[in-house]
1. How far apart, in nm, are the 7 Å Cα→Cβ label points at Gln87 and Ala112?
2. What are the ³J(HN,Hα) couplings of segment 9-22, residue after residue, when phi is run through the Karplus curve with 6.51, -1.76, 1.60 and θ = phi - 60°? Round to Hz, x for glycine and proline.
3. In µm²/s, what is D for the chain at 20 °C and 1.002 mPa s, where D = kT/(6 pi eta Rh) by Stokes-Einstein and Rh is the Kirkwood radius from Cα pairs?
4. Counting only helical runs of four or more DSSP H residues, what would the 222 nm mean residue ellipticity of the chain come to if each run contributes -39,500 (n - 2.57) and the total is spread over all its residues?
5. Which of Ile43, Ile97, Ile83 ends up with the largest GNM mean-square fluctuation for the chain, with Cα atoms connected below 10 Å?
6. Per residue of segment 77-91, what does 6.51 cos²θ - 1.76 cosθ + 1.60 with θ = phi - 60° give for ³J(HN,Hα)? Whole Hz please, x for Gly and Pro, Karplus curve as stated.
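Just so you know, all these numbers are worked out from the coordinates, no wet-lab data involved. Nothing here was measured: the structure is a model prediction, and the numbers come from that model. Heads up, the Cβs are rebuilt from the backbone with ideal geometry, glycines too, and the neighbour counts pull from every protein chain shown.
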Amino acid sequence: MRIGELARRAGTTTRALRFYESQGLLTARRSANGYREYGEEDIRLVSEIRTLQEVGLTLDDTRPFVDCLRAGHETGDSCAGSIEVYQRKLDEVNACIDRLTEVRAALLGKLADALPKQPGPCGVLPEEN
């Protein structure tokens, strides 16, 4: 299939597919007239890349998953490299959650300190006549 059909079937753009190719994640064969040609297996690769990006992985993070599929595994997360990416990403997410929890606690403390200082319900001092 040509690039337009792959883009349509995989739910992406030809521009994205060219980018994936430039990054070494997708490999097109060239027909005699120079058109890019793809196989059915490329739909799985592109779908895997898109799904992983939707859950927050970078394009570079998807490499072990693509390699795993290319090696003939049923799923892209059947290989140790993919599991390592999942674990690293979860560690990053947990660190962000921890940091946000700290920020939330600090903001709640600041708010609790500030509320008693408010002169009125809207925070505006009443006009003096």
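1. 3.8
2. 5, 8, x, 9, 10, 5, 4, 4, 5, 5, 5, 4, 5, 5
3. Translational diffusion coefficient: 116 µm²/s.
4. Details: 5 runs with 75 residues, N = 129.
So the helix-based figure for the chain works out to -19000 deg cm²/dmol.
5. Comparing Ile43, Ile97, Ile83 in the GNM, the peak value goes to Ile97.
6. In residue order, the calculated couplings are 9, 8, 10, 4, x, 5, 4, 4, 5, 4, 5, 4, 5, 4, 4 Hz.
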